[in-house]
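Participant: My questions all concern the structure below.
The numbers here are math on the coordinates, done by the rules we state, and not lab data. This is a predicted model, so every value here is computed, not measured. All Cβ positions, glycine included, derive from the backbone under ideal geometry; neighbour counts span all protein chains shown.
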Ligand SMILES: *Cc1c(COP(=O)(O)O)cnc(C)c1O
């Protein structure tokens, strides 16, 4: 081989950001010069822009996606004795917002094809104590949010969309974050609209809900030093908002690049005969969904996932497991009751899922390298078996 095989990172944020560096520096400089580090004009502008982008009337900035979820539940007055339906196959923050308020998470299983929560299982899990449903649009693809909202509406239960991984995604052409009572977004640097630190936003079609979210995000204080409710301090700062406004202008291009990369993985993996019951499964796209590919999640059945990951790592190819331990098996949730038999797909996904490198500036050559290394693994395995 003429060249040493190159390493392929799971993610390269610097490479994605580099083309916009001058714009970033200019925007940050004007925030420095303005002295308005909180509540600067960029924050209100970003709120307007995210609202328009998500096709909702209102958006409220906050300090993180985790706070967006917590504030949403606080604004609904959720507390002890209340049940909130949520998938177990998700990031911790989808669940900790519930337990922090003393409420009880009711875990429901996912669909094996999309990794997203199953609406019929949500319906079956509703009780007279259900106060909210938190569907998660995992990996950048909407859950079946039309059906979920229908099931919720029958019982008048609010839906809080965890769209942390799914800004720009849609279902039946309607944006993530515009379906439920409240949509929650994260601007954590690895998300599709990633800042240079923490940040989050809540979207809602209801002005009174937006007002309440803002109240809770500002210590419940209104007017100054008069506290109506016990809120928290959760703000999106002006530096983040300035960066995010620039990135929002480039988000459509970034999503298009991710879609191309996902399509190319699909093609390369199947051309190399790597898709099959004894090898791996490529992600399923729901025909009603517009997927924004925050993650490219394959399945490796047959107990080979960790070996494949080790092989990728030895060959300098980054990968990750989102998520290795479902929430119902976390140490901190050991006291929660759940029906383990009802979470078989969740547990299987945790054993089989493997996330491959995907970011807008990932090159075709790098993708070919990822697929070559996977092909090597299965070729070696076939030899052992023969
Ligand atoms: C990232 C993420 C969050 C939390 O967002 P932060 O901004 O990191 O607090 C919540 N839910 C899901 C599904 C996420 O991926």
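Participant: What residue among 66, 363, 88 has the largest mean-square fluctuation in a Gaussian network model of the chain, using Cα springs under 10 Å?
Facilitator: Residue with maximal mean-square fluctuation among 66, 363, 88: 363.
Participant: Could you work out the relative contact order of the stretch 251-385, using alpha carbon pairs under 8 angstrom and six or more residues apart, expressed as a whole percent?
Facilitator: Once divided by the residue count of the stretch 251-385, the mean separation gives 35 percent.
Participant: Let me ask you something else. Hey, how many Å between the Cα centroid of the stretch 198-213 and the Cα centroid of the stretch 104-170?
Facilitator: One Cα centre to the other: 19 Å.
Participant: Which of 23, 331, 352 ends up with the largest GNM mean-square fluctuation for the chain, with Cα atoms connected below 10 Å?
Facilitator: Between 23, 331, 352, it is 331 that shows the largest mean-square fluctuation.
Participant: Here's another thing I want to ask about it. Per-residue ellipticity at 222 nm for the chain, helices alone: DSSP H runs ≥ 4 residues times -39500 (n - 2.57), over residue total, nearest 500 deg cm²/dmol?
Facilitator: -12000 deg cm²/dmol
Participant: Between residue 14 and residue 361, how many nm apart are label points set 7 Å from Cα along the C-beta direction?
Facilitator: Placing both labels 7 Å beyond Cα along the Cβ direction yields 1.0 nm.
Participant: Between residue 39 and residue 100, what's the calculated FRET efficiency when r is the beta-carbon distance and R0 is 22 Å? Round to 0.05.
Facilitator: Efficiency at R0 = 22 Å is approximately 0.25.
Participant: While we're here: Can you give the angle from 0 to 90° between the axis of helix 145-154 and the longest principal axis of the chain, with both taken from C-alpha atoms, to the nearest 10?
Facilitator: 40
Participant: Right, next: Could you check what % of the DSSP bridge pairs in the stretch 13-249 are antiparallel, to the nearest 5?
Facilitator: For the stretch 13-249, the DSSP antiparallel bridge percentage is about 50.
Participant: Let me ask another. Taking other Cβ within 10 Å of each residue's Cβ, how do 20, 137 sort, fewest first?
Facilitator: Starting with the residue having the fewest Cβ neighbours, the order is 20, 137.
Participant: So for the chain, averaging the separation of alpha carbon pairs under 8 Å that are six or more residues apart and normalising by length, what relative contact order in percent results?
Facilitator: 22
Participant: Moving on to the next point. Please work out the Cα center distance from the stretch 37-63 to the stretch 231-261, rounded to the nearest Å.
Facilitator: First find each Cα centre; the distance between them is then 11 Å.
Participant: Pull out the extension gain between residue 208 and residue 29, defined as 0.36 nm times the separation in residues minus the alpha carbon to alpha carbon distance; nm, one decimal.
Facilitator: Difference between extended and current length: 60.9 nm.
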